Amino acid sequence: MNYAWEAVLMAEQNNRERDSLRFVEAVTPSPYIEVSVTDLNIGEPEGDRVEINPHYRLGDVFGRLFDRNTDQMAQTRALFFDVCMHYIIQLDLREGLSREDYYCSLAADDIRAGRYGREAAGRFALFGRQEQKRIVREYLHLLKTGNCQDAFRKAVTGLYAGALVYENNETAHELLVYLGTADTDTQRERAAFLRDMFLPLQETVHFFYENHFGIIGVDETMGVDEMVIF
């Protein structure tokens, strides 16, 4: 973790909000890294306070603004430093932003804002930040191709490593989905979000959580006390 934008990305990967981070000028900055930490091997900022060496790569910008020889208006200068760092990090992260990433960000903001319904917004919040990005990316793929089942399958298998999606050949518009996760209220709400987000109303979906339904001829699914009869 060298740059400030890396610290932000690592925090977001652990479901921490970017706005919760507060950037302060490091008391004893290192001339070799932008983020001042006591342990170079840590995976993310240890708290909400992130110490920054503003002269590591931004000396031309911050050199005179945050002169250490000036001790006046300390609180105002600290607030201004935090605002400036948030703005600069936003610019850093947008440098590698593709058009698809931009569309994904807009779609995610719409879901969170309740433009897809309050229930959808609440269920969307049950997914981590990286999971939300995967969902929105597959949703954009659905808008491009119109292939609901393919987008649903990719979203489910991307979120659940052991997930399996089956199409019932005997009944039209019916899917059987094994998630391989604990059967909890949260998981049921997450599954309901995926169903409503990707599939048309006429599609029926049966979700199976911890135990797979039995399939005749497939020994792995026919274990006693380890299968669901469907």
Kindly indicate the residue of segment 173-199 that is touching a residue at least 12 places away in the same chain (Cβ under 8 Å) and acidic (D, E) and also nearest to R123 (Cα to Cα) among those meeting that condition.
E189
Which one is modelled with the highest pLDDT, of the residues in segment 141-165 that are surrounded by 15 or more Cβ atoms within 10 Å (Cβ to Cβ) and not in a helix (DSSP H, G or I)?
Y160
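Looking at segment 166-202, which of the residues that are outside any strand (DSSP E or B) and of a type in the set (D, E) is nearest to N147 (Cα to Cα)?
D196
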Among E131, E138, the single one that is farther than 16 Å from Q187 by Cβ and either of a type in the set (D, E) or not assigned by TED's automatic domain parsing to the domain that holds E203 (or both) is E138
So E17, is it under 30 Å from Y139 (Cα atoms), out of contact with any Asp or Glu (no Cβ under 8 Å at 6 or more places or on another chain) and exposed (fewer than 11 other Cβ atoms within 10 Å of the Cβ):
yes
Any hit, segment 200-210, residues being touching a residue at least 24 places away in the same chain (Cβ under 8 Å), touching a Phe, Trp or Tyr at 6+ places or on another chain (Cβ under 6 Å) and not basic (K, R):
yes
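Quick one: which helices (runs of 4 or more DSSP H) lie wholly within segment 48-125 and hold at least 3 residues that are modelled with pLDDT of 80 or more and either surrounded by 12 or more Cβ atoms within 10 Å (Cβ to Cβ) or within 21 Å of the chain's Cα centre (by Cα) (or both)?
The qualifying helices (runs of 4 or more DSSP H) are 74-95, 99-112, 118-124.
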Six or more apart or on different chains, Cβ atoms under 7 Å: show the pairs whose first residue is in segment 159-172 and in the same structural domain as R188 (by TED's automatic domain parsing) and whose second is in a strand (DSSP E or B) and acidic (D, E).
N168/E174
I need a count of the residues in segment 125-153 that are touching a residue at least 40 places away in the same chain (Cβ under 8 Å) and either among the basic types (K, R) or on the phi > 0 side of the Ramachandran plot (or both).
1
Qualifying residue in segment 170-182 (condition: of a type outside the set (A, V, I, L, M, F, W, C) and crowded, with 17+ Cβ neighbours inside 10 Å)
yes
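The values are calculated or read from the model by the stated rules, or taken from the named source; none is laboratory data. These numbers were taken from a predicted model, which means no experiment stands behind them. Positions of Cβ are backbone-derived with ideal geometry, glycine not excepted, and every protein chain shown enters the neighbour counts.
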